[in-house]
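> Before anything else, here's the structure in question.
The values are calculated or read from the model by the stated rules, or taken from the named source; none is laboratory data. This is a predicted model, so every value here is computed, not measured. Because the Cβ atoms are built from the backbone with ideal geometry, glycine has one as well, and the counts that use them run over all protein chains shown. Protein only, heavy atoms only, side chains kept; ligands, DNA and RNA dropped before computing areas. Shrake-Rupley method; radii C 1.70, N 1.55, O 1.52, S 1.80 Å.
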Amino acid sequence: MSNDIEGPALAARFPSAFAWGAATSSYQVEGATDADGRGKSIWDAFVNEPGRVVDGSNGDTAIDSYRNIEGDVALIKALGLNSYRFSLSWPRICPDGDGRVNQAGLAYYSNLVDALLAEGITPWITLYHWDLPQVLEDAGGWPERATALRFAEFAKIAHDALGDRVKHWITVNEPWCAAFLGYASGEHAPGRRDPSASVAAAHHLMLGHGLAARAIKAADPEATISIGLNFYPVHAASDSAVDVDAARRVDGVQNRWFTEVALRGAYPEDIVEDFKAISDFAFIEDGDLETIKAPLDILSVNYYSRFTVTGNGGATSASAAPTGAGSAWPANEHIGFVSAGLPVTDMGWEIEPAGLTQVLTRLHTEYPEVSLAVTENGAAFPDKLDDGQVHDLERLDYVQGHLAACADAVEAGVPLVGYFAWSLADNFEWAWGYTKRFGLVYVEFETGERTVKDSGRWYGDLVRRARSIREAE
Ligand code: FCB
């Protein structure tokens, strides 16, 4: 098997101070949705609507991480990781979406942070991984400016409580998904299908990022600020003008829209033109773009796949769940996503490790001032637990291929500071419920029992090798 051959050579190709991690998010793993004064999030409401989740499941129990700090930390340690990325449930800490703090909810994260640090594992906190307090959605949600202001307050509350021990802060995870799957296609909570509102939501997510980043930096200039964006190389299906234009549009909305405003303080003009069909941009106030261009230390890259697009029809998004969703591409409904003939994961996402090198080198060329981290990368496959083992060789190959792609980027001069596998363990995969497994660790959903998969063992071996090579230097 390739791991014996590739592992040692690959391990030596990473920098010394490297964050080797795995990632999760609150609603996907915590469960305990009624515990200790937690408020409701938009996902609690959404999963109760018939037809929203393919298997009719929800995150009420998830993989019970809220009650299993010790077990989760022991797993992270057993894998040899030195970093763990998790998110805070905003309604667990601020049940009313305002400044009232639920100390019991905060205590969970404080205990988790302490348990990680006690094992030498560095926490990377994501402040928003999609579980907006339902009370804020009732007041209009992300299309409303006030939500960005509430988010900044929440960021300050979280940082005041944890910032003495936590240095790595990712403000918002994948605002593209939160805005366009949440408010345009309706595939994700809150399940709205309002193209105009989705563009406003995207802006307020970024405004929330800027305000939160500034609040944290003001409190601790040493804090490391990041935002998590999901990137895809976008290829035109042919040289025809209409396909080339489709690639420009998808690249613009998916990739350039968020980086340009976060790092350059301006939305790309061509995409502003495209979006004029559905938005008057009246929600942008003086100073917003400057606020969004907040000091950024690390750009967090979530990478899974590539896109090939045509301007000749086909309305679906490559990632759409079969839950009757509308288009996630407002003003671009004429665009179709086609196969390039590559192997796919259980999500139907095409596998292209070289695309990760392309994304990283492009970002470094365009934004040389910022370090990069891969904060999500992984694959769903239909695993089988067999006699206490999970031989997930396809996932092992996926992780190995993408780590080699990271090493290629490092050797091309990209300042890459970390890699986080998605995910530490199988969990609640949004509209797909428990039907898609992304973990390095297999979870028996009935009992919560955890079993490290072959991919997890391989990754753990690689990390241990990489760390010991560097420690020996
Ligand atoms: C990303 C999400 C993460 C998980 C993976 C598969 O878009 O950030 O929560 O669902 O996809």
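> Within segment 396-412, is even one residue over 30 Å from residue 191 (Cα atoms) and among the β-branched types (Val, Ile, Thr)? I'd like the intermediate steps shown before the answer.
Filtering segment 396-412 for residues over 30 Å from residue 191 (Cα atoms) gives 396-412.
Retained after the next criterion (residues that are among the β-branched types (Val, Ile, Thr)): 399, 410.
Yes, because at least one residue in segment 396-412 is over 30 Å from residue 191 (Cα atoms) and among the β-branched types (Val, Ile, Thr).
> Does residue 464 satisfy the condition of being surrounded by fewer than 18 Cβ atoms within 10 Å (Cβ to Cβ), modelled with pLDDT of 95 or more and basic (Lys, Arg)? Show your work before the answer.
Values: surrounded by fewer than 18 Cβ atoms within 10 Å (Cβ to Cβ): yes; modelled with pLDDT of 95 or more: yes; basic (Lys, Arg): yes.
Judged against the criteria, residue 464 is a match.
> Restricting attention to segment 420-454, which residues are among the hydroxyl-bearing types (Ser, Thr, Tyr) and within 15 Å of the ligand (Cβ to nearest atom)?
Hits for segment 420-454 are 423, 434, 435.
> Still on this structure: Could you look through segment 159-185, keep only residues that are in a loop (DSSP other than H, G, I, E, B) and touching a residue at least 40 places away in the same chain (Cβ under 8 Å), and pick out the one that is nearest to residue 279 (Cα to Cα)?
The residue in question is 184.
> Quick check: anything in segment 102-114 open to solvent by 10 Å² or more (accessible area, probe 1.4 Å), under 26 Å from residue 153 (Cβ atoms) and acidic (Asp, Glu)?
Checked segment 102-114: at least one residue is open to solvent by 10 Å² or more (accessible area, probe 1.4 Å), under 26 Å from residue 153 (Cβ atoms) and acidic (Asp, Glu).
> Here is a follow-up. I need the full set of residues from segment 175-210 which are under 23 Å from residue 113 (Cβ atoms) and either touching a Leu at 6+ places or on another chain (Cβ under 6 Å) or not small (Gly, Ala, Ser) (or both), in order please.
209
> Any idea how many residues of segment 337-351 are out of contact with any His (no Cβ under 9 Å at 6 or more places or on another chain) and more than 21 Å from residue 454 (Cα to Cα)?
So the answer is 8.
> Out of the residues in segment 272-316 that are over 26 Å from residue 373 (Cβ atoms) and either within 16 Å of the ligand (Cβ to nearest atom) or at pLDDT below 95 (or both), state the one that is nearest to the chain's Cα centre (by Cα).
Taking segment 272-316 first, the residues over 26 Å from residue 373 (Cβ atoms) are 272-288, 308-316.
Those still in the list that are either within 16 Å of the ligand (Cβ to nearest atom) or at pLDDT below 95 (or both) too: 312-316.
Details: 312: 30, 313: 29, 314: 26, 315: 24, 316: 21 Å.
Only one residue fits best here, namely 316.
> If you take the residues in segment 89-122 that are in contact with a strand residue (DSSP E or B) (Cβ under 6 Å, 6 or more places away or on another chain) and of a type in the set (A, V, I, L, M), which one is nearest to residue 461 (Cα to Cα)?
For segment 89-122, the residue satisfying everything is 121.
> Looking only at residues in segment 209-228 that are crowded, with 24+ Cβ neighbours inside 10 Å and within 19 Å of the chain's Cα centre (by Cα), which one is nearest to residue 156 (Cα to Cα)?
Once the filter is applied, the top-ranked residue is 212.
> Restricting attention to segment 333-378, report how many residues are open to solvent by 60 Å² or more (accessible area, probe 1.4 Å) and charged (D, E, K, R).
Qualifying residue count, segment 333-378: 4.
> Considering (1) among the acidic types (Asp, Glu); (2) over 30 Å from residue 54 (Cα atoms); (3) in contact with an Asp or Glu (Cβ under 7 Å, 6 or more places away or on another chain), say which one residue 392 fails and leave the rest.
(2)
> Next question. Give me the pairs: first residue in segment 414-437 and over 16 Å from residue 345 (Cβ atoms) and open to solvent by 10 Å² or more (accessible area, probe 1.4 Å), second residue hydroxyl-bearing (Ser, Thr, Tyr) and in a loop (DSSP other than H, G, I, E, B), beta-carbon distance under 8 Å, and six or more apart or on different chains, which are they?
Here the result reads 434/57, each pair linking segment 414-437 to a residue that is hydroxyl-bearing (Ser, Thr, Tyr) and in a loop (DSSP other than H, G, I, E, B).
> Looking only at segment 256-277, which residues are more than 17 Å from residue 333 (Cβ to Cβ), open to solvent by 10 Å² or more (accessible area, probe 1.4 Å) and either small (Gly, Ala, Ser) or part of a helix (DSSP H, G or I) (or both)?
256, 260, 263, 264, 265, 266, 269, 270, 272
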